[in-house]
Structure formats: C-alpha cells, structure tokens
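The values are calculated or read from the model by the stated rules, or taken from the named source; none is laboratory data. Here the structure is a predicted model, which means the values were calculated and not measured. For neighbour counting, all protein chains shown are included, and Cβ atoms are generated from backbone atoms with ideal geometry for every residue, glycine included.
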Ligand SMILES: Cc1ncc(COP(=O)(O)O)c(C=O)c1O
C-alpha cells in the first residue's frame, strides 16, 4: 500500500503554467481611479519589470529562472500522499490524495512565490521589500527569501494574528525581518484606521495598505504581495504541475481538485494545471473552500474593487465583500481577506470553478481528524480544504462512488496551537455570517463609470 509518491529533484518544473492563455475570455484589466485601465508605469512604482511582465502575460508557459529553481529545490518537489487512514476513518469508498506543501521551510506553499518575487526584485536592483502578512506564513516566507538574496524585509502583520501567533513573529525575526502589528501609527493608512477604531483587530486589506504606502513613498523599497495577483498564482502552479506527474505515477486522475481560498493562490497552484485539461475538454471539478465568516466567493459581488482597505492599489475585477470589510477574528488568519484573485474569480463567475463556504468549527473538526489519522497538524487555513474534501468523501459514502479526490495541504499548524488549544477546550465559536457589516461595506464599493 503506497502512501507517499515522491519525485526526484530533476522533476522540478522548468516552467510556470499561465491560466490566462486558456481563459474563455480575456481577463478584465486593473483600473485606475479615473475608471481607465492602469498603465504599466503605475505598477512600476511598487513592482519590478519581471513581475509586471508576468502579471500581464498571456503566454501559456513562462520559464522559471535557474536561480529560482535552485531555491525551490531546497524543499521541492513536495510529496503527494494517499490519505489511507483518513479514508478508513471516514469509511468512504473515495480515494483521497493530498499535495503536502507543509514541508517547505516556512511550513506552507508561500515560499514558492516569495523566492521568485525576491529574485525578480533583486535583479532589478531593489534590496528592500515591504509586505503584509495574515497568518504569518507569507511574512515568514518573504523573510526567508530576503535571507537567501540578502535583502531587507519589513512585515506589517495583522494585529489579531500578531497576538495569536507570537512565534510566527519570532520566526520572521529569526530570518532577519522587521515585524509590526498592523494597523500601526507609522503610516497614514494605519493612522486613519486607528482614528476610526483604536481597537481595530486589523485585516489583510489594512496591512496591504500600509505596506503599499511604504513602497510608494520609499524609492529603495518595493512591495511584495503573498496572494491574489496573477503573478503570484502563476508561481504557485509548480504545485499542480508536480501533482499531475505524481497522480499519473499513482495511476489516477482526480475527479475533484480542492484548495482553500484566501486570496486564491494555493487553490490556483493546485487547480490551474488541471484547469488546462478542463479547458481542453476533460471532466474535472475544481472547488475553492472559504470561511463562512469571510465568504467572498459565495456571498460577495463580482465587480471592481480595491485590493487594499484604503484604496491605494488599482481596482481589480473580483469577488469582493467590500475593501473596508473587517472580517471576524477567525483563526484562519490567511483567509481573512475581503477580495479574491481576479483569475479565480473569473473562473467562478464563468461556472468553471465551484466554491463552498465552511464554518470555523467544522474546519477544526476536520483538522483534528486529519491530525489524528494522517499525523500532520494542518494550518487552520488548510483545514478548509480538508473539510471540503471530507464533505465530498461523505457524499461518496452515500452514493457508493469511488471518486478520486485531490486537495492541497497548504500548510502545517505548528504555530497555530493556540487555536487548537481553544478548540480542544471548547472555547471556539462559529461566527454569524456578518451580513450587516458586509452590506455596509458593499455600499462603499468604488463607482466605475
Ligand atoms: C497555510 C495557508 N494556506 C492558505 C492561505 C491562503 O492564501 P491563498 O488563498 O493565497 O493560498 C494562507 C495565507 O496566509 C496560508 O498561510
């Protein structure tokens, strides 16, 4: 009975897959405040040329520079695992596989893009990066990439996560980054939020505003985003490319591919290479799993909105709950984002990707079952993908279908034990769907002519 399917380092992908080449219609362009598509020069204030090229590229395959592959090879290719014990515990005829992205040094999929982003900044002569982090996984990943490439990194960490995960902060500092609890009083964006709500728990949108503001005002500093944008989704496609080779070795093709969705990047990473097959006529279901308390894909509006809380970024067409919506303080900090990747949003809008929303307690129940059967304690974000997979597996149990399910284990939860402890003592709750806060926030969506 094979558990793990491993690839040699020589099988590390040489190219990223760009789903834009296979979309049914061209992606909607980012818009400026005047309602006109933004010029590339507007992006060059905060991003290097290499990443801007990728952001707007329609090429199907983009070569991964050898220097980036050298860094990826430190932990890639990652294992594909058959979850025999989870299957047995569920009593399902379904075959469950997961791609284990928790084996990276930071503990998640995020370094797949941090090393690429740091590299393209470095070769453009930039030696300092500012960023946001929710769960802390992205901040750690960029800090690590900063170490590899000898760059300074400053991280605005969402305040509620800063309190929940003190050792994530220490890990970022161990890898040489400066870390601040956002909102801070160091930026105009942070001060504005604090003036309205001195007790603000922060949000990814607010932390993005702070980091972008810093990058706009400092010539020596660029901004790096851990999710959402096309180039970030692109860098994550190594996950699905490897998974396809490993599933082929297992002699399987998935009926369903599942990932959790915060800004959409790990979902894109595992699902987009399968989307290429779907676009070519193959039958495969792709499912994004999000929290019920921050349900952009299932309850949001598909329209233009800002990527950050205070409106410093261009507007993107995406599913959004409104840029200044501050989600409840769930423990899956990496899923507390008001918007969603424009590419994932477009595919959901066109009916090519499905979305499900899952309440916090169900995700922890799934996480605990996974830890007790498959041995890895999953990140609270990843438990959303596990819970969605369990729902599918249970349906197979009812229908007797032996479907093949593949999900992305986006990270481990070793720095999230406070959340597990609270779940174990019965102290966690399901947040009500925050309909009033979302409705108010949606009223403040930017008006596009
Ligand atoms: C472990 C983990 N999974 C998932 C996410 C969500 O991000 P994305 O939707 O971009 O994959 C995060 C974000 O911080 C994360 O840390």
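Here are the numbers for the structure shown:
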{"item": "The stretch 161-206, residues that are part of a helix (DSSP H, G or I), touching a helix residue (DSSP H, G or I) at 6+ places or on another chain (Cβ under 9 Å) and more than 19 Å from residue 414 (Cβ to Cβ)", "result": "188, 189, 190, 192, 193, 204, 206"}
{"item": "Qualifying residue in the stretch 84-93 (condition: at negative phi, over 17 Å from the mean Cα position of the chain (by Cα) and modelled with pLDDT under 95)", "result": "no"}
{"item": "Qualifying positions in the stretch 83-111 - in a helix (DSSP H, G or I), in contact (Cβ under 8 Å) with a residue 60 or more places away in the chain and within 16 Å of the ligand (Cβ to nearest atom)", "result": "101, 102"}
{"item": "Spans of helices (runs of 4 or more DSSP H) in the stretch 352-426 with at least 1 residues closer than 16 Å to residue 259 by Cβ and within 12 Å of the ligand (Cβ to nearest atom)", "result": "360-374, 382-399"}
{"item": "Whichever residue in the stretch 123-149 is within 29 Å of residue 260 (Cβ to Cβ) and surrounded by fewer than 24 Cβ atoms within 10 Å (Cβ to Cβ) and, among such residues, is farthest from the ligand (Cβ to nearest atom)", "result": "149"}
{"item": "Residue 209 being in contact (Cβ under 8 Å) with a residue 12 or more places away in the chain and within 13 Å of the ligand (Cβ to nearest atom)", "result": "no"}
{"item": "Of all residues making up the stretch 112-145, the number that are at pLDDT below 95 and in a strand (DSSP E or B)", "result": "0"}
{"item": "Members of the stretch 275-295 found to be in contact with a helix residue (DSSP H, G or I) (Cβ under 6 Å, 6 or more places away or on another chain) and in a helix (DSSP H, G or I), listed by number", "result": "275, 276, 279"}
{"item": "Some residue of the stretch 234-247 being at pLDDT 95 or above, part of a loop (DSSP other than H, G, I, E, B), away from the ligand (no atom under 12 Å from the Cβ) and buried (at least 22 other Cβ atoms within 10 Å of the Cβ)", "result": "yes"}
{"item": "Members of the stretch 147-160 that are more than 18 Å from the chain's Cα centre (by Cα) and assigned to a strand (DSSP E or B)", "result": "152, 153, 154"}
{"item": "Within the stretch 212-231, considering residues that are more than 16 Å from the ligand (Cβ to nearest atom) and assigned to a helix (DSSP H, G or I), the one nearest to residue 335 (Cα to Cα)", "result": "212"}
{"item": "Candidate set: the stretch 393-414, residues that are more than 30 Å from residue 134 (Cβ to Cβ) and in contact (Cβ under 8 Å) with a residue 40 or more places away in the chain; chosen: the one surrounded by the fewest Cβ atoms within 10 Å (Cβ to Cβ)", "result": "400"}
{"item": "Given (1) in contact with a helix residue (DSSP H, G or I) (Cβ under 6 Å, 6 or more places away or on another chain); (2) at positive phi; (3) more than 12 Å from the ligand (Cβ to nearest atom), index of the condition residue 264 fails", "result": "(3)"}
{"item": "Residue identified as buried (at least 22 other Cβ atoms within 10 Å of the Cβ) and either modelled with pLDDT of 95 or more or under 25 Å from residue 79 (Cα atoms) (or both) among 290, 252", "result": "290"}
{"item": "Only one of 379, 366, 355 that is free of Cβ contacts under 8 Å to residues at least 40 places away in the same chain and in the same structural domain as residue 419 (by TED's automatic domain parsing)", "result": "366"}
